[in-house]
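Nothing in this text is a laboratory measurement; each read-out follows from the coordinates by a stated rule. Note that this is a predicted model, so its numbers are computed, not measured. As a convention, Cβ positions derive from the backbone with ideal geometry for all residues, glycine included, and neighbour counts pool all protein chains shown.
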Amino acid sequence: MKDTVILDPSFRAMANILTEQDLARMRAVAEIAWARDEPMPVAEIEAVREEVAVIITGSWRYGDVGRFPGLRAIMEVGGGFPSPDALDYGRCFASGIRVLSCAPAFGPAVAEMGLGLAIAAARQIAWTDRAFRTDEPHWSHTQFETEIGTPFTLYGKQVGFIGYGGLARALQPLLAPFGCPIQVYDPWLTEAYLRQHGVTPVDLETLLATSRVIFVLAVPSATNRALLDAEKLGLIHSDAVFVLLSRAHLVDFDALTELLLAGRFRAAIDVYPQEPLSQDHPIRRAQHAVLTSHRAGAIGEALLNIGRLVADDLEAICQGRVPFAMHVAQPEFIRARG
């Protein structure tokens with residue numbers, strides 16, 4: 001007898017995350033309930049509640065997890081783990097209910113964008129484009145220094161990763177052709193683990209003060225809100241590039257804005273404290289910043305990766321195997337999220 005699985009991806013649209021092939025894979029191993037773009041009605045949930053083994057959801061909105069006596073896994077397709085305010089992780093861990101996130105689906109696309117943003121800022125591509133369209137640009141045979149510093153290549157430059165999770169591990173091989181030594185600050189990981197992956201563990205202050213290109217890659221937690229405050233950001237060298245790629249949660253954004261408007265260093269930013277960002281936000285005037293509108297992972301190919309990962313792990317779960325594709329919630333990290 002097949003397991004019963006709720007497929008309730010709202011706010012995601014089914015067609016955006018699931019190919020026909022991946023949906024067929026899921027139907028081959030499970031009885032799929034609902035499978036529509038609209039949120040599953042309470043009455044429909046109640047009708048299958050007692051036999052449900054897996055819930056695939058855009059966000060946890062089903063109340064007490066104990067209502068589902070046969071539940072073995074929660075698979076989220078939004079991009080991050082459900083809030084601890086909504087989901088009782090303690091009960092999930094105690095009951096052996098796996099909580100899985102589709103975040104790895106976005107890693108390659110976001111990493112690629114991060115590399116592009118770093119090059120755009122280092123080589124002043126966006127600034128040159130603006131100058132070319134509105135004024136006379138600096139031609140390479142006449143002048144190398146510009147109003148926002150000197151362009152530089154990534155080759156051989158010291159790179160710093162703040163956070164060494166899935167996104168960092170997706171970015172690392174993209175930097176390999178440039179021969180960049182990489183130093184990492186990640187308080188969750190041991191020095192031995194980091195060295196085994198070919199990076200050098202350092203404290204945060206050292207990373208900020210000595211890296212030519214700094215990537216913010218860590219996921220938000222209760223312990224890293226505004227980790228990069230005005231004092232820490234002030235350690236960044238004037239010819240460095242700061243790439244804010246994961247979440248603005250980690251940065252004192254007002255302090256970052258002031259430093260960029262003052263021309264302290266260059267930055268590339270894809271994430272903001274409020275989105276959409278207000279039209280009058282001063283960061284929009286920062287000539288020292290390349291700004292993109294949270295588009296690093298917003299690409300159809302990355303969204304379809306979600307369905308592939310879900311189908312992979314659903315097959316494993318329904319066959320009594322260990323899920324391997326999605327990110328598994330760990331008690332220590334969930335506690336740190338607050």
Subject >> Mean separation of Cα contacts under 8 Å (6+ apart) over length of the stretch 1-117, as relative contact order % >> reply: 25
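Label the stretch 1-43 by shape, choosing from rounded, prolate and oblate, from the square roots a ≥ b ≥ c of the eigenvalues of the Cα gyration tensor; if a/c is under 1.5 it is rounded, and otherwise prolate applies when a/b is larger than b/c, oblate when it is not.
oblate
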**OP:** Between residue 324 and residue 191, take the C-beta separation as r, use R0 = 25 Å, and let me know the FRET efficiency to the nearest 0.05.
**Re:** 0.40
Original post:
Roughly what % antiparallel, to the nearest 5, for the DSSP beta bridges in the chain?
Top reply: 5
Subject >> Gain on full stretching of the segment that runs from residue 222 to residue 153 - 0.36 nm per residue minus C-alpha separation >> reply: 21.3 nm
Original post:
If you look at just the Cα atoms of the stretch 106-291, how large are its Rg and its Dmax in Å?
Top reply: 16.1, 52
Subject >> Cα gyration tensor category, rounded, prolate or oblate, for the stretch 288-338 with a/c compared to 1.5 >> reply: oblate
**OP:** Enter the Cα centre distance for the pair the stretch 152-173 and the stretch 280-310, rounded to the nearest angstrom.
**Re:** 18
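Using the Cα centre of the chain as the reference point, and only Cβ charges (+1 on K/R, -1 on D/E), how large is the resulting charge dipole? Debye, rounded to the nearest 20.
On the way: 30 positive and 39 negative charges, 95 e Å.
That gives the chain a dipole magnitude of about 460 debye.
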Subject >> Packing-based exposure ordering (other Cβ within 10 Å, fewest first) of 10, 211, 238, 293 >> reply: 238, 293, 10, 211
**OP:** Fewest Cβ neighbours within 10 Å first, please rank 242, 81 accordingly.
**Re:** 81, 242
Subject >> Likely footprinting exposure, 239, 186, fewest C-beta neighbours within 10 Å first >> reply: 239, 186
**OP:** Mind putting together the pair-distance distribution for the chain? All Cα pairs, 20 Å bins, whole percent per bin, short to long.
**Re:** 29, 51, 19, 1
Original post:
From the residues 246, 272, 181, which one has its Cα farthest along the dipole of the stretch 106-291 in the positive direction, the dipole being from +1 and -1 charges on Cβ of Lys/Arg and Asp/Glu about the Cα centre?
Top reply: 181
Original post:
Once phi is turned into θ = phi - 60°, what whole-Hz ³J(HN,Hα) does the Karplus curve with 6.51, -1.76 and 1.60 give for every residue of the stretch 223-232, x standing for Gly and Pro?
Top reply: 8, 10, 4, 6, 3, 8, 8, 4, 5, 5
